[in-house]
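Shown next, in structure tokens, is the structure this report addresses.
Rule-based calculations on the coordinates, nothing more; no lab input. Keep in mind the model is a prediction, meaning the values are calculated, not measured. With ideal geometry, Cβ positions are generated from the backbone for all residues, glycine too; neighbour counts draw on all protein chains shown.
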Amino acid sequence: MFKVGEQVKWNSEAGHVQGTIKHIYTKPFTINGYTKHASKENPVYGIKSNISDHIAYHFASALKHL
């Protein structure tokens, strides 16, 4: 599990990206026309890139602590 404020990294089409966890979603939600199937057992993390204002949404399995 990760916490809000933690620094993490993940793979994207552009390579490795680093960012800060801003939100933890524990219920399904829709963003940009896509439904993210978050749950308490498998939350989705909203992470703000350290390089841009982009927010990425990933499950814990895609993230690594820095």
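Short-range pairs are left out: with C-alpha atoms under 8 Å and at least six residues apart, the relative contact order of the chain is 32 percent.
Building the convex hull from the alpha-carbon atoms of the chain and averaging its projection over directions returns 4.3 nm².
Taking the fewest neighbouring Cβ atoms within 10 Å as the starting point, the ordered list for Thr35, Thr26, Thr20 is Thr35, Thr26, Thr20.
Placing pseudo-labels 7 Å out from each Cα toward the beta carbon at Lys64 and Gln18 gives an inter-label distance of 1.3 nm.
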